[in-house]
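*Asks:* Please see the structure below; I have some questions.
The values are calculated or read from the model by the stated rules, or taken from the named source; none is laboratory data. In this text the structure is predicted, and so the values were computed from the model without any measurement. Reconstructed Cβ throughout: ideal geometry from the backbone, glycine too, with neighbour counts over all protein chains shown. What goes into the accessible areas is simple: the full protein's heavy atoms, side chains included, and nothing from ligands, DNA or RNA. Shrake-Rupley method; radii C 1.70, N 1.55, O 1.52, S 1.80 Å.
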Amino acid sequence: MITPPHRRWVLHVDLDQFIAAVEVLRRPELRGKPVVVGGRGDPTERGVVSTASYEAREFGVGSGMPLRTAARKIPDAVFLPVDAEAYTEVSAVVMDTLRKMDAVVEVMGWDEAFLGVETEDPEAFARAIQAAVLEATGLHCSVGIGDNKLRAKIATGFGKPQGIFRLTGANWFEVMGERDTRSLWGIGSKTAKKLAALGLNTVSELAAAADEDLATTFGPTMGPWYGRIGRGIDRSPVTADPWVARSHSRETTFQQNLDDWSAVTEEIRRLAVRVREDIVAENRPAVRVALKVRYAPFITRTTSKALPQPTFDVDIICDAAAALVDRFDHDREVRLLGVRLEMTPPTRTITTGLEGH
């Protein structure tokens with residue numbers, strides 16, 4: 001019997017250096033120069049890099065780096081402020097372009113989306129996507145092809161920039177087997193260190209691990225899930241349902257460190273009021289409050305606590321956020337504060353992530 005060709009694919013579209021690319025579109029004279037976008041665009045102020053052009057990345061500048069550090073690495077780089085409105089506008093054009101393709105489109109953010117497609121030639125479909133996005137926006141993108149979302153997402157990294165790469169069950173271990181577990185979507189450095197302590201350093205070693213052993217360290221849900229992604233397994237569907245936020249947050253970076261913790265508490269209350277306004281706008285009450293503190297020079301700590309019941313009450317929310325201040329080291333100076341409120345789920349369940357996440 002002849003096996004019919006595989007026709008169902010997941011394509012992951014990722015816009016190359018999206019924010020920097022949008023800025024270059026607006027200012028063509030920046031093409032080929034190291035461009036760093038972050039904060040208010042002033043590297044003498046405190047702030048972090050939102051994105052860097054490929055030319056800047058060659059000097060070791062990357063997302064999350066303090067702007068001052070980036071300026072030391074590239075003194076003559078072009079620093080620009082974040083312009084969220086412009087990026088949102090361009091992103092909307094890209095996503096509308098993708099929706100015109102014969103595919104189910106799941107938007108994952110400003111610069112990426114999954115497409116569920118049926119085709120006998122996924123590479124040709126990927127090239128058509130690249131051409132359509134380029135024509136509509138002037139932006140380049142990379143496309144990962146997979147037989148599920150996990151493999152498609154990882155494949156994109158092998159295609160960057162402006163490329164296409166296919167990663168499926170057929171070549172999963174050939175491509176990923178000897179790579180560090182941090183190369184997997186969903187495993188960060190902390191989890192990788194815990195896996196390494198179990199003797200699981202590579203994707204193949206993780207894939208071969210017994211679920212029972214993983215569950216002992218990571219719990220009955222996350223342990224086996226790590227094993228599945230080690231094997232490249234992901235059963236989550238591509239869905240056109242809109243993404244729904246689980247939480248809202250606000251944060252602020254101080255140009256001068258705060259050493260007065262009564263001032264820290266007052267700032268936390270102000271942030272909590274602002275976030276509370278965000279959740280009221282969504283009509284989804286808060287169920288948990290979280291506090292983020294970044295000590296000087298750049299050490300970040302977070303903590304959270306569930307609220308007794310879902311609430312919009314500003315006093316309850318502010319008091320809960322302020323109470324978390326006691327969990328931090330008051331002998332340290334503070335450079336950044338953030339408050340996050342987790343909300344009740346929407347009335348209709350939306351599938352947005354990997355299985356088990």
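*Asks:* Dimensions of the stretch 233-272 along principal axes (Cα, Å, largest first)?
*Replies:* Principal extents (largest minus smallest coordinate, Cα): 50, 21, 15 Å.
*Asks:* Please calculate how many Å² of accessible area the chain carries per residue, with a 1.4 Å probe and no DNA, RNA or ligand atoms counted. Write out the running numbers ahead of the final one.
*Replies:* Numbers: 18140 Å² over 357 residues.
The answer is 51 Å² per residue.
*Asks:* Mind checking the dipole of the chain: about its Cα centre, +1 per Lys or Arg Cβ, -1 per Asp or Glu Cβ, Debye to the nearest 20?
*Replies:* Using only the charged Cβ atoms, the result is roughly 400 debye.
*Asks:* Just the projected area, averaged over all directions, of the convex hull on the alpha carbon atoms of the stretch 203-302: how many nm²?
*Replies:* Working: hull surface 42.4 nm².
Computing the convex hull of the Cα atoms and averaging its projections yields 10.6 nm².
*Asks:* Compute the distance from the alpha-carbon center of the stretch 245-269 to that of the stretch 87-141, in whole Å.
*Replies:* The stretch 245-269 and the stretch 87-141 have Cα centres spaced 38 Å from each other.
*Asks:* Also, quick follow-up: In whole percent, what relative contact order does the stretch 1-96 give with Cα contacts below 8 Å and a gap of six or more residues?
*Replies:* 27 percent
*Asks:* With the contact rule set at Cα under 8 Å and sequence spacing of 6 or more, what percent relative contact order holds for the stretch 143-224?
*Replies:* Computed value for the stretch 143-224: 19 percent relative contact order.
*Asks:* If Lys and Arg each add +1 and Asp and Glu each add -1, what is the summed charge of the other residues whose beta carbon sits under 13 Å from the beta carbon of LYS160?
*Replies:* Around LYS160, the surrounding residues sum to -2.
*Asks:* Only one of the listed values, (i) 31, 28, 19; (ii) 35, 27, 22; (iii) 27, 24, 21, was derived from the coordinates as semi-axes √(5λ) of the Cα gyration tensor in Å; which label is it?
*Replies:* Given (i) 31, 28, 19; (ii) 35, 27, 22; (iii) 27, 24, 21, the structure-derived one carries the label (ii).
*Asks:* Between ALA170 and THR221, what is the label-point separation in nm under the 7 Å Cα-to-beta-carbon projection?
*Replies:* Taking the two extended label points, one gets 3.6 nm.
*Asks:* Which links in LYS33/LYS160; LYS33/LYS73; LYS153/LYS292 stretch past 22 Å when you go from one Cα to the other?
*Replies:* Check vs 22 Å cut-off fails for LYS153/LYS292.
*Asks:* Under 1.5 on a/c is rounded, so check that first for the stretch 177-233, then, if it is not, pick prolate when a/b is larger than b/c and oblate when it is not; a ≥ b ≥ c are the square roots of the alpha carbon gyration tensor eigenvalues.
*Replies:* On the way: a/c = 1.41, a/b = 1.25, b/c = 1.13.
Cα axes put the stretch 177-233 in the rounded bin.
*Asks:* Restricting to Cα pairs below 8 Å that are 6+ residues apart, what does the relative contact order work out to for the chain? Please round to a whole percent.
*Replies:* Computed value for the chain: 14 percent relative contact order.
*Asks:* If you average 1/r over all unlike Cα pairs in the stretch 114-218 and invert the result, what Kirkwood radius do you get in angstrom?
*Replies:* Computed over the stretch 114-218, the radius equals 15.3 Å.
*Asks:* Seen from all sides and averaged, what is the projected area of the convex hull of the Cα atoms in the stretch 23-75, in nm²? Mind dumping the intermediate values first?
*Replies:* Values: hull surface 13.2 nm².
The directionally averaged projection comes out at 3.3 nm².
*Asks:* Applying 1/(1 + (r/R0)^6) with R0 = 35 Å to the Cβ-Cβ distance of ALA196 and ASP331, what FRET efficiency is obtained, to the nearest 0.05?
*Replies:* According to the calculation, E is roughly 0.60.
*Asks:* Any idea which of THR253, ILE145, ALA128 is furthest toward the positive side of the dipole for the stretch 100-257, if Lys and Arg beta-carbons carry +1 and Asp and Glu beta-carbons -1?
*Replies:* After comparing all options, I get THR253.
*Asks:* Calculate log10 I(q)/I(0) of the stretch 1-128 for q = 0.11 Å⁻¹, where I(q) comes from the Debye formula with a single equal point scatterer on each Cα and nothing for solvent.
*Replies:* -0.49
*Asks:* Of ALA170, TRP110, VAL90, which is farthest towards the positive pole of the chain's charge dipole, taken about the Cα centre with +1 and -1 on the beta-carbons of Lys, Arg and Asp, Glu respectively?
*Replies:* Towards the positive end, the residue furthest out is ALA170.
*Asks:* On to the next question. Round to a whole number: what % of the accessible area of the chain belongs to carbon and sulfur, probe 1.4 Å?
*Replies:* For the chain, the apolar C and S fraction of the accessible surface comes to 50 percent.
*Asks:* Run through the stretch 91-157 and list the GluC sites (Glu not before Pro) located in a DSSP loop whose Cβ has at most 11 other Cβ atoms within 10 Å. Display every interim value, and only then the final one.
*Replies:* On the way: sites: GLU106, GLU112, GLU118, GLU120, GLU123, GLU135; in loops: GLU120.
Sites meeting the loop and neighbour criteria: GLU120.
*Asks:* Next question. Nothing charged except the Cβ atoms of Lys and Arg (+1) and of Asp and Glu (-1): what's the magnitude of the dipole of the stretch 1-148 about its Cα centre? Round to the nearest 20 debye.
*Replies:* Magnitude of the dipole: close to 520 debye.
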